[in-house]
Amino acid sequence: MWVVFSLLAALSAAVVVTLSKVGVKNVESSVAFAIQSVLIVTVAWSVVAWQGHLGQVQQIEGRTWLFLIAAGIITCASSLFSFQALKLGQASRTASFDKISLVFSILLAFFFLKEKITWQVILGATMMAGGALLIAFTKE
């Protein structure tokens, strides 16, 4: 089932890039991100309430709060960087270059989460990074 949700996330991300590129055309990128952020927070907490999970917030441990807050701050930074990249570049190029995050994710998972890296993961990550670089730096 995780594959279905991953594909839905990828499709959603592609639609977000396209809509955001149009949205930042005549608006400062940080303003566009702020508008989307308000909607993200509203929808996220609405889903939590609808699913009946509001009570879980009180059960979150301190260490978990630290990781979630740090991830939230970095998510904001990532989004601000992405919106600025979209403002300055083509959607297809900025979105493809953003996918190099896969390589960073694999490395971080290896060093900090102790996940194993196989030759297939290395080959796949190399091919994806190569493809992303090829798309990002192709001549018009």
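Would you be able to tell me the number of residues in region 62-83 that are surrounded by 14 or more Cβ atoms within 10 Å (Cβ to Cβ), farther than 18 Å from ALA132 by Cβ and either in the same structural domain as LEU134 (by TED's automatic domain parsing) or of a type in the set (S, T, N, Q) (or both)?
1
What number of residues within region 1-56 are farther than 17 Å from SER79 by Cβ, surrounded by 10 or more Cβ atoms within 10 Å (Cβ to Cβ) and either among the aromatic types (Phe, Trp, Tyr) or in contact with a helix residue (DSSP H, G or I) (Cβ under 9 Å, 6 or more places away or on another chain) (or both)?
Going through region 1-56 one residue at a time, the tally reaches 6.
Pull up region 68-117, narrow it to residues that are more than 17 Å from ALA9 (Cβ to Cβ) and assigned to a loop (DSSP other than H, G, I, E, B), then point me to the one that is nearest to the chain's Cα centre (by Cα).
Ranking the qualifying residues of region 68-117, first place goes to ILE100.
The values are calculated or read from the model by the stated rules, or taken from the named source; none is laboratory data. Predicted, not measured: the structure shown is a model, and the values here were computed from it. Quick reminder, even Gly has a Cβ in these numbers, built from the backbone with ideal geometry, and neighbours come from all protein chains shown.
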